[in-house]
Amino acid sequence: MKILVVEDEPKTGAYLRKGLSEAGFVTDLVDNGEDGCHCACTAEYDLIVLDVMLPGRDGWSTLTGLRQGGNRTPVIMLTARDAVRDRVRGLEIGADDYLVKPFAFSELLARIRSVLRRGPVRQVDAIRIADLEIDCVRLKASRQGKRLDLTPREFSLLSLFARRAGEVLSRTLIAEQIWDMNFDSDSNVVDVHVRRLRAKVDEPYDVKLIHTTRGVGYVLEDRQ
């Protein structure tokens, strides 16, 4: 399988290419967003590892350009910025996963294999599931044509569910993607926010879309 690494720090780039090659991947390395876009659009890759802080065209712009151009190659973003808003931004513009520097190579390798197993997350401007409509560009959602009054975090949570509709998401994964935290099994923060989201998305309607998988997590799907 073939991976494109877009990383401007020479030592990090060489380290990633060496490690990925040793793991059996054919690996190309470029050090800027323009070359990254060119390579991704002119060659076939199974996955792209994309640094956010690049000279000239940064990772956000590079990923946005790829998605707007119809390129759906799975992307894992690398960044030293550990804020929730940066993680959410990456997911909303089309990233499949997000890894904060510094990281263990073994973790990156595990995430690469996980993304390759599940395939790319659905990247679209709008998602419709039953009578639920989500506008991923304008950050709005509605059911039966009535707008849902969601907080930014509730919208991010609903968007994560919708982009991976039919897939049971663990509390650990949800906490990592939506909150700036590692999941603590004694914490009920995920359950509390899912309950609040259900009160707006499901409770006023006959058809329930957010379901609990006991002992695992949550899934959004139309079971009618």
So what are segment 1-70's ellipsoid semi-axes, whole angstrom, largest first, if each one is the square root of 5 times an eigenvalue of the alpha-carbon gyration tensor? 19, 15, 8
Computed [θ] at 222 nm, deg cm²/dmol, the chain (DSSP H ≥ 4; -39,500 (n - 2.57); rounded to nearest 500): -12000 deg cm²/dmol
Tally up the carbon and sulfur contribution to the accessible surface of the chain as a whole percent, 1.4 Å probe, everything protein left in place. 48 percent
Taking R0 as 22 Å, what's the FRET efficiency between ARG118 and HIS211 from their Cβ-Cβ distance, rounded to 0.05? 0.70
For the chain, with the dipole built from +1 on Lys and Arg beta-carbon atoms and -1 on Asp and Glu ones, taken about the Cα centre, which of PHE103, MET1, GLN177 lies farthest toward the positive end? GLN177
Just to verify a number: FRET efficiency for GLU34 and ALA165, C-beta to C-beta distance, R0 = 35 Å, to 0.05? 0.55
For the chain, with only Lys/Arg (+1) and Asp/Glu (-1) charged at the beta-carbon, what is the dipole magnitude about the Cα centre, in debye rounded to 20? 640 debye
Hits among lysines - C-alpha to C-alpha of LYS11 under 29 Å, sequence gap 8 or more where chains match: LYS2, LYS101
Beyond 31 Å, how much of the Cα-Cα pair distribution for the chain remains, as a whole percent? 24 percent
Loop-resident sites, segment 123-163, for trypsin sites (Lys or Arg not before Pro), counting at most 12 other Cβ within 10 Å (DSSP): ARG138
How big is segment 1-121 by the Kirkwood estimate over distinct Cα pairs, in Å? 14.0 Å
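The values are calculated or read from the model by the stated rules, or taken from the named source; none is laboratory data. Note that the structure is a prediction, hence the values are computed from the model and not measured. Note that we place each Cβ from the backbone using ideal geometry, even for glycine, and neighbour counts take in every protein chain shown. SASA here: full protein model, heavy atoms, side chains in, ligands and nucleic acids out. Shrake-Rupley method; radii C 1.70, N 1.55, O 1.52, S 1.80 Å.
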